[in-house]
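Below: the structure, in structure tokens.
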Amino acid sequence: MNNSRRTFLITSIGVASTIALSSRQAFADAPKVAESDPTAQALGYKEDATKVDKAKYPKYAAGQDCGNCSFYQGKPTDAYAPCPMFAGKQVASKGWCSAYNKKG
């Protein structure tokens, strides 16, 4: 491998790492979804899954929460993380909405 190719690869890896870290920080700074948010209301989002109206959302079952949903883009131990249902916003790990899909 010649020197210019090696330099290019090393620089590319550094830039990619910086972008990845910046993106993660941007997600960490994203606003949290409020239950009053129109999308949250449409999806029945509750920051605390134990407060879901089971009559209105019969699909809800105890133990379901954002932290174990396939859409949750964080670790189950993260208090908040991004969710594609709420573009650019974070949901509570202990939250729930009607788009819940058990992580496989």
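The alpha carbons of the stretch 31-104 occupy a box of 29, 28, 16 Å along the principal axes, longest dimension given first. When you filter the trypsin sites (Lys or Arg not before Pro) in the stretch 50-104 for DSSP loop state and at most 16 other Cβ atoms inside 10 Å of their Cβ, you are left with Lys54, Lys56, Lys59, Lys94, Lys103.
Quick note: the coordinates plus some simple rules give every number you see, no bench work behind them. Please read these numbers as outputs of a predicted model, since none were measured by experiment. Every residue, glycine among them, receives a Cβ derived from its backbone with ideal geometry; neighbour counts consider all protein chains shown.
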